[in-house]
1. Within region 51-126, report the GluC sites (Glu not before Pro) that DSSP leaves as loop and that have at most 16 other Cβ atoms within 10 Å.
2. In debye, nearest 20, what is the charge dipole magnitude of region 41-130 about its Cα centre with +1 on Lys and Arg Cβ and -1 on Asp and Glu Cβ, if you could check?
3. Can you pull out the trypsin sites (Lys or Arg not before Pro) in region 69-130 whose DSSP state is coil and whose Cβ has at most 11 other Cβ atoms within 10 Å?
4. How big is the Kirkwood radius of region 26-77, worked out from every pair of different alpha carbons and given in Å to one decimal?
5. Report the convex hull volume per residue for region 53-123, counting only C-alpha atoms, in Å³.
Amino acid sequence: MKKNSLLLTCLLLFSGLSFFTFSSCDSDTNCYISVTVVDETAKTPISNCDVSIGAEGGNIEAQKGKTDAVGHFEATFPAPAIVTVDVKKIDVANSNENTTAFRAGKSSARLKEGETVEVTVSMPSTIYYE
């Protein structure tokens, strides 16, 4: 009876260890960032902003895109990193054929494996020209 009990205990222990060992292979190692761009004064979302998210150091490729109708943009990175979020919105009303007017904002975040980091970038009302 003791032999059967010991055998059953070993079998259960092995099954439990196998579960934890093999289930870790399916873990999500990507890092996610969710960016929302808002007007600094009105606190309203800003759509159609250019967003560039770049990792500091290393060789992780920058992610670029535009905010949607509610000022939102998401990106995925393959590894943890400290990233800089740069946003830019062309100000058509103040641009002309010789200069482009724009507003810009910046933030940073630390991305963690398997997590979504939420970042809100406040866009100041200052207009820049290039």
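1. Numbers: sites: Glu56, Glu61, Glu74, Glu97, Glu113, Glu115, Glu118; in loops: Glu56, Glu61, Glu97, Glu113, Glu115.
Passing both the DSSP loop test and the Cβ count: Glu56, Glu61, Glu97, Glu113, Glu115.
2. Values: 9 positive and 12 negative charges, 47 e Å.
Here the size comes out at about 220 debye.
3. On the way: sites: Lys88, Lys89, Arg103, Lys106, Arg110, Lys112; in loops: Lys112.
Taking region 69-130 and a limit of 11 other Cβ atoms within 10 Å, no loop trypsin sites (Lys or Arg not before Pro) are found.
4. Values: mean 1/r = 0.0816 Å⁻¹.
Hydrodynamic radius (Kirkwood, Cα only) of region 26-77 equals 12.2 Å.
5. Working: hull volume 7.8 nm³, N = 71.
Given the Cα convex hull of region 53-123, per-residue volume reads 110 Å³.
Each reported figure results from applying straightforward, stated rules to the coordinates on display, with no laboratory input. Note that the structure is a prediction, hence the values are computed from the model and not measured. Counting neighbours? That spans all protein chains shown, and the Cβs are built from the backbone with ideal geometry, glycine included.
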